[in-house]
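All remarks here apply to the structure that follows.
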Amino acid sequence: MRIAVVGAGYVGLVSGACFSEFGVSVTCVDTDAARIARLQRGEMPIYEPGLEALVASNAAAGRLVFSTDLAAAVAGAEAVFIAVGTPSRRGDGHADLSYVFAAAEAIGRALSDYAVVVTKSTVPVGTGRQVAAILHRVCPDGHFDVASNPEFLREGSAIEDFMRPDRVVIGADSERAGAVLRQLYRPLYLIETPMLFTDIETAELIKYAANAFLATKITFINEIADLCERVGADVQDVARGIGLDGRIGRKFLHAGPGFGGSCFPKDCRALVRTAREAEAGLSIVETVVQVNEARKRRMADKIIAACGGAVDGCTLAVLGLTFKPNTDDMRDSPSLEILPRLMGAGARIRAFDPEGMAEAKKLMPELDYCNDAYQTMRGADALVLLTEWNEFRALDLARVRDLLAAPLVIDLRNIYQPEELAAAGLSYVSIGRPPGNAGGIALYPTGMQS
Ligand SMILES: NC(=O)c1ccc[n+]([C@@H]2O[C@H](COP(=O)([O-])OP(=O)(O)OC[C@H]3O[C@@H](n4cnc5c(N)ncnc54)[C@H](O)[C@@H]3O)[C@@H](O)[C@H]2O)c1
């Protein structure tokens, strides 16, 4: 079987590499010639654990090729996936579909034999029909079907998510399109992955509903964390106490500085837009968007308050810039809201991130970028933990205390237990837990830990 994947970003590249691992012949196409040239040299344009080796082995086997020639890639392909970006449209929050429509036009001009044109990008309800209309316009005599196959992979564990998904959703109106996609996903069917066949509109909406639900869950625990701070409770234990209820589940109950990334913020905004246009109430998601944006802004105030009410002239050591660990993706990262505000209040920021610094330098060139975690801390007035990379989970706390000018840790991911910071002589402020002073204030009993 031969397929083409249009768009070689986080989703297109991972999907293409994983399909080739299934034994399918895959051509990944991108309009970004520099990106394709790098891929042809075996260099990864993004950081994703395991991707380089997966690409290398399948490229060596001749099953995975990279090209800017969309027409050649589409000719003879049984399925053509659209995996281009759908960022927020400036101003109104609607998904910007210009990349999807441009890809559809180019595919339509290149179609020869029958193919299923599959939208893998996250697109609002109705986009599949619009893609079909474009294809009919530019290729009136073409044989094709359209389908929706939303992608649920998470950056940082994208390959595992693609290879062992909780489910595969396929929206198609024709038997033939469904059969092509069933065949393509056969290796997952064989490991009993649930396959959900729906119409196109339903598949499109499932993706947004899933992301909005997860964003709501995060926002819920974030607001509970704020309440914990007011009443002296510990959000870690609250999350565990509710998460052990099978109806609730433990995942996505980690309080933090607010969700970011390339999907949740823009997908929530786009879903709100869709609901407004359909005159359907979706006030929960509207509130989630507002609460989350306000939260990211408020995190700077929280840090300033922890530093005694002012950071003018202070040096802050910041660990983690990406929106989550194991990715280099900076899109909508909380750091982009928090750090400029701190600098606006007069702070100097020394920062380190294991994979995100190249991208961060483009967006925040005024930060002092360091070579490792400990270098950021030398003489700093506080340590701020912004992203929970594994290498920040086991810092030598005695060394942290010795390096810092003032022994203050502001842990916005609750990586550390209050007791271990206190034992190391470090004052701390975290999310949804009572603060601690190195002088040895009585710690709030955290109850059923571990
Ligand atoms: N990143 C994620 O974790 C994730 C997860 C699930 C779904 N999605 C969705 O998948 C889609 C892609 O997201 P991404 O993060 O991979 O985006 P990305 O920005 O990393 O990659 C998009 C790629 O498409 C290319 N492109 C744009 N127009 C093109 C065209 N006409 N022809 C060929 N290539 C073109 C760009 O050059 C870029 O390399 C979005 O709709 C996103 O919401 C993303």
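Each residue in region 362-418 was checked for being under 18 Å from P257 (Cβ atoms) and aliphatic (A, V, I, L, M), and 13 pass. Can you confirm whether region 16-23 contains a residue that is touching a helix residue (DSSP H, G or I) at 6+ places or on another chain (Cβ under 6 Å), closer than 30 Å to V125 by Cβ and surrounded by fewer than 22 Cβ atoms within 10 Å (Cβ to Cβ)? Yes, the conditions are met somewhere in region 16-23.
Quick one: which of A177, A147 is assigned to a strand (DSSP E or B), touching a strand residue (DSSP E or B) at 6+ places or on another chain (Cβ under 9 Å) and of a type in the set (G, A, S)?
Details: A177 fails: assigned to a strand (DSSP E or B).
Exactly one residue qualifies, and that residue is A147.
At least 3 residues being in contact with a Lys or Arg (Cβ under 8 Å, 6 or more places away or on another chain) and more than 30 Å from G126 (Cβ to Cβ) is the threshold, and among the helices (runs of 4 or more DSSP H) wholly inside region 181-261 those reaching it are 200-231, 235-243.
Being in contact with a Gly (Cβ under 8 Å, 6 or more places away or on another chain), surrounded by fewer than 23 Cβ atoms within 10 Å (Cβ to Cβ) and polar (S, T, N, Q) is true of N326.
For region 29-43, how many residues are more than 7 Å from the ligand (Cβ to nearest atom) and open to solvent by less than 30 Å² (accessible area, probe 1.4 Å)?
Residues of region 29-43 that are more than 7 Å from the ligand (Cβ to nearest atom), as a first pass: 33-34, 36-43.
Cutting the leftovers down to open to solvent by less than 30 Å² (accessible area, probe 1.4 Å) gives us 36, 39.
Qualifying residue count, region 29-43: 2.
Kindly indicate which of T216, T198 is more than 21 Å from P325 (Cα to Cα) and either of a type outside the set (A, V, I, L, M) or within 23 Å of the chain's Cα centre (by Cα) (or both). If you could, list the steps in order and put the result at the bottom.
Values: T216 fails: more than 21 Å from P325 (Cα to Cα).
Result of the check over T216, T198: T198.
In this structure, is V125 open to solvent by less than 10 Å² (accessible area, probe 1.4 Å) and of a type outside the set (D, E)?
Numbers: open to solvent by less than 10 Å² (accessible area, probe 1.4 Å): no; of a type outside the set (D, E): yes.
No.
Let me confirm something: among V11, V80, V26, V84, which residue is within 12 Å of the ligand (Cβ to nearest atom) and open to solvent by less than 10 Å² (accessible area, probe 1.4 Å)? Before the answer, list the steps.
Working: V11 fails: open to solvent by less than 10 Å² (accessible area, probe 1.4 Å); V26 fails: within 12 Å of the ligand (Cβ to nearest atom); V84 fails: open to solvent by less than 10 Å² (accessible area, probe 1.4 Å).
One residue alone meets the criteria, V80.
Scanning region 329-344 for residues that are open to solvent by 40 Å² or more (accessible area, probe 1.4 Å), touching a residue at least 24 places away in the same chain (Cβ under 8 Å) and either within 16 Å of the ligand (Cβ to nearest atom) or among the small types (G, A, S) (or both) yields R331, D332.
Considering each of A294, A317 in turn, give the residue that is under 23 Å from P87 (Cβ atoms), outside any loop (DSSP other than H, G, I, E, B) and at pLDDT 95 or above. Write out each step before concluding.
Numbers: A317 fails: under 23 Å from P87 (Cβ atoms).
Just one listed residue meets the conditions, A294.
In the set (1) under 18 Å from the mean Cα position of the chain (by Cα); (2) crowded, with 24+ Cβ neighbours inside 10 Å, the condition left unmet by P49 is number (2).
Just one of the numbered conditions (1) within 12 Å of the ligand (Cβ to nearest atom); (2) part of a helix (DSSP H, G or I); (3) farther than 20 Å from C263 by Cβ is not true of H136: (1).
The values are calculated or read from the model by the stated rules, or taken from the named source; none is laboratory data. Since the model is a prediction, treat every value here as computed from it, not as a measurement. For neighbour counting, all protein chains shown are included, and Cβ atoms are generated from backbone atoms with ideal geometry for every residue, glycine included. Quick note on the areas: whole protein, heavy atoms, side chains included, nothing else; ligands and nucleic acids left out. Shrake-Rupley method; radii C 1.70, N 1.55, O 1.52, S 1.80 Å.
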